[in-house]
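Visitor: Dumping the structure here so I can ask a few things about it.
Nothing in this text is a laboratory measurement; each read-out follows from the coordinates by a stated rule. Because the structure is a prediction, the values reported are computed rather than measured. Positions of Cβ are backbone-derived with ideal geometry, glycine not excepted, and every protein chain shown enters the neighbour counts.
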Amino acid sequence: MTSKQDRLAGIERALSELDKVIGTASPDRSEVPFYGPTLLLSMNEKDQAMALQSEQARYEADPEDTAIHFCLTSAIALLEVSQVLLNQSADLSPHDRERQWKTLVAYTKTAGRSAYRAASILTDPKD
C-alpha cells in the first residue's frame, strides 16, 4: 500500500509536470476565454452576448487546443484538491475547516466545469 507521503509526492510531481505542459503553450496563443455563470449574470445583455460570442469564436477556431486547455485545467484543480486533503491538519478550528472545505468545493466545481466545457467542445457537431 502507498503511504500518504508517497501519494503526496506523486501529486506534487504530477502538478509540476502539468505546469510544464501548460507553460509550453505557444506564446502567441491567446488566452482561452471562459465566462462563468456568475460573471455573465453581472453583465448587461449586450456584454453577455459579446462574451459568449468571444468564447464560441475561440472554441471554433481551435477546438482541440481549447479542449486540451480545459482538460488540463480540470486535472490541475482536482490534483490541488487531493493535495490539500492529504495535507490537512487534524487540529483546524471549525471556522478554518469550513473555509478550507468551501475552497475545496470551489476547486472541485472548477474541475467539473472545465471537464464539461471540454466535453461540450469535443461533442459539438462539425460541418
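Visitor: Give the calculated FRET efficiency between residue 6 and residue 62 to the nearest 0.05, with a Förster radius of 30 Å applied to their Cβ-Cβ distance.
Guide: Once rounded, the FRET efficiency stands at 0.20.
Visitor: Sticking with this structure for a sec: Each residue of region 60-65 in order: what ³J(HN,Hα) in whole Hz does its phi give by Karplus 6.51 cos²θ - 1.76 cosθ + 1.60, θ = phi - 60°, with x for Gly and Pro?
Guide: Residue by residue, region 60-65 yields 5, 5, 8, x, 5, 5 Hz.
Visitor: Also, quick follow-up: Assuming a ≥ b ≥ c are the square roots of the Cα gyration tensor eigenvalues, decide whether region 43-110 counts as rounded (a/c under 1.5), prolate (otherwise, with a/b larger than b/c) or oblate.
Guide: The shape class here is oblate.
Visitor: Spin-label point model (7 Å from Cα, Cβ direction): what's the residue 19 to residue 101 distance in nm?
Guide: Result for the modelled spin labels: 3.0 nm.
Visitor: Taking the alpha-carbon distance from residue 4 and a cut-off under 16 Å, which aspartates and glutamates remain once sequence neighbours fewer than 8 residues away in the same chain are dropped?
Guide: 12, 80
Visitor: List, in order, the whole-Hz ³J(HN,Hα) value for each residue of region 114-124 obtained from phi through the Karplus relation with A = 6.51, B = -1.76, C = 1.60 and θ = phi - 60°; use x for Gly and Pro.
Guide: With coefficients 6.51, -1.76 and 1.60, one gets 5, 5, 5, 4, 4, 4, 5, 5, 6, 9, 5 Hz.
Visitor: Moving to a separate point now. Per 0.36 nm of contour for each residue apart, how much would the distance between residue 55 and residue 109 grow if the chain were fully extended, relative to their Cα-Cα spacing?
Guide: 17.5 nm
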